[in-house]
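Every read-out reported here was derived from the displayed coordinates using simple, explicitly stated rules and does not represent laboratory data. Note that the structure is predicted; figures quoted are calculated from it, not measured. So basically every Cβ, Gly included, is an ideal-geometry build from the backbone, and we count neighbours across all protein chains shown.
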Amino acid sequence: MKYYPINLNVKNKNCLCVGGGSVGARKASTLIRCGAATTVISQEFSSGFDNLEKQGVTLLKKKYNEDDLKNIFLVIGATNNWELNLEISSHAKKQGILCNIADNLEASDFILPSIVNRDDLLITISTTGKSPALAKKIKEDLGHAFGSEYADFLYIIGKIRKKLLSQKHAPHEHKIIFQKLINSELLEAIKDKDYEKTNNLLHELLGKGYTYKNLISGDTQ
């Protein structure tokens, strides 16, 4: 296995993207969605950045220089200038900053996988740079297989777990409960928006006080 797979917490961390084209816009969009304090540097910006600025991305219309890496946690080089991208990589390595250079594995500390995102369910796909086209195809297949019902299901499971932990049940009891929930028809009922069946299953497996409406709204008292 060539890469060590991790999910990196960038919330409130200073992250920089250099490049104002469509690739830079995609990278910046993912960073801001993950809660990063995101800055993009470029002498020109494509229309893809119009909405990103409204979402909190800071746009600096200027030439990149090494000083721009001060206090940066992670940098992405996404320019169409090969020499500039290598320069960014060199500066980042010198300062011990995590760096990704678009379409250049050798100059990168990490690669960015394709993502299927269903809120708290995050599925990532990587071909270690061998075939972005295959990664895209797998992403599309997984996107069809894992619909929005998984987001609701996982949210509900999280709320149930929080409530059970507050009741100080034994850990082995939790494991049995969650196995029953996962192996039940609860997911299918949520997918079909059959809330009567959903509530019946919750009552059967957990007892009174658990309904789809209460769990999805966060009211489990």
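Peptides 28-37, 63-72, ordered by how many other C-beta atoms sit within 10 Å of their residues on average, highest first, read 28-37, 63-72.
Would you mind checking the tilt of helix 195-206 against the longest principal axis of the Cα atoms of the chain, expressed as 0 to 90 degrees and rounded to 10? In the chain, helix 195-206 runs at an angle near 80 degrees to the longest axis.
Taking the chain as the reference, fit the longest principal axis to its C-alpha atoms, fit the long axis of helix 22-33 to the helix C-alpha atoms, and give the angle between the two in degrees, 0 to 90, nearest 10. It is inclined by approximately 40 degrees. Taking region 191-209 and a reference point 7 angstrom along Cα→Cβ of Lys180, the backbone N atoms nearer than 18 Å belong to 197-209. In this rough spin-label picture, where each label sits 7 Å from Cα along the Cβ direction, the Gln55-His203 distance is 4.2 nm. Between the helical axis of 171-183 and the longest alpha-carbon principal axis of the chain there is an angle of about 90 degrees. Each peptide in 120-129, 86-95 gets a packing score, the mean of other Cβ atoms within 10 Å over its residues, and the list from highest to lowest is 86-95, 120-129. Counting only lysines at least 8 places from Lys163 when in the same chain, those with an alpha carbon closer than 27 Å to its own are Lys11, Lys175, Lys180, Lys191, Lys193, Lys197, Lys208, Lys213. Here the chain has an Rg and Dmax of 21.9, 64 Å, counting Cα atoms alone. A full extension of the chain between Ile6 and Ser46 corresponds to an added length of 11.3 nm, given 0.36 nm per residue minus the alpha carbon distance. Modelled this way, with points 7 Å down the Cα-to-C-beta line, the labels at His144 and Phe73 are 3.7 nm from one another.
Around Ile101, what is the net charge, scoring Lys/Arg as +1 and Asp/Glu as -1 over all other residues with Cβ under 14 Å from its Cβ? Surrounding charge for Ile101 is -3.
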